[in-house]
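Here's the structure, in structure tokens; my notes come after.
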Amino acid sequence: MPLTRNRIRIAMALSGWVALGATQLPAATPARWIPVLLFVCFGPGFALLYPQPDMLRPGARLEALALAAPLSLSLGALVSTSLFLVKGFSSTAFLVSLAAFATAASAFPGLPLPAATRGAVERPRRR
């Protein structure tokens, strides 16, 4: 199990840097905008919510998936607003900030999820 968690952490830490590297590809190609879009929409949120100490139950996995996008987009809004306020906004600065945050967040255990802490609604299977 620890090897799987480490792989998840490494994947989350590298996802932002892969998205940043994708910006060097030719403009208007899906290989450029798909990694960036996926990272901005889900990367920082997954870095905050995943590497849980124990594997998540199905109810908690759904909760983590439902919270990852709003968390990522909220962090993106905070970063972009901060960069606009200091008159330093660029796509590179934006992605570097989010990638650095995701890298740092993936080094720590994930935030506790309410469904994970209360046992996640998991009903026994009927036979």
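Please work out if Pro26 is open to solvent by 60 Å² or more (accessible area, probe 1.4 Å), of a type outside the set (A, V, I, L, M, F, W, C), assigned to a helix (DSSP H, G or I) and in contact with a helix residue (DSSP H, G or I) (Cβ under 8 Å, 6 or more places away or on another chain). Show your work before the answer.
Values: open to solvent by 60 Å² or more (accessible area, probe 1.4 Å): yes; of a type outside the set (A, V, I, L, M, F, W, C): yes; assigned to a helix (DSSP H, G or I): no; in contact with a helix residue (DSSP H, G or I) (Cβ under 8 Å, 6 or more places away or on another chain): yes.
Judged against the criteria, Pro26 is not a match.
When you scan segment 33-127 for helices (runs of 4 or more DSSP H) that lie fully inside it, which ones turn up with 1 or more residues that are closer than 26 Å to Ala22 by Cβ, at pLDDT 95 or above and not charged (D, E, K, R)? So that I can check it myself, show each step before the final result.
On the way: elements: 58-85, 91-105, 114-117.
Answer list for segment 33-127: 58-85, 91-105.
Name the pairs whose Cβ atoms lie under 9 Å apart, with the first residue in segment 24-42 and farther than 25 Å from Ala66 by Cα, the second surrounded by fewer than 15 Cβ atoms within 10 Å (Cβ to Cβ) and of a type in the set (Phe, Trp, Tyr), and 6 or more positions between them or separate chains?
Within 9 Å, no pair qualifies.
The values are calculated or read from the model by the stated rules, or taken from the named source; none is laboratory data. Predicted model only: the values in this text are computed from it and were never measured. As a convention, Cβ positions derive from the backbone with ideal geometry for all residues, glycine included, and neighbour counts pool all protein chains shown. Heads up: the accessible areas ignore ligands, DNA and RNA and are worked out on the full protein's heavy atoms, side chains in. Shrake-Rupley method; radii C 1.70, N 1.55, O 1.52, S 1.80 Å.
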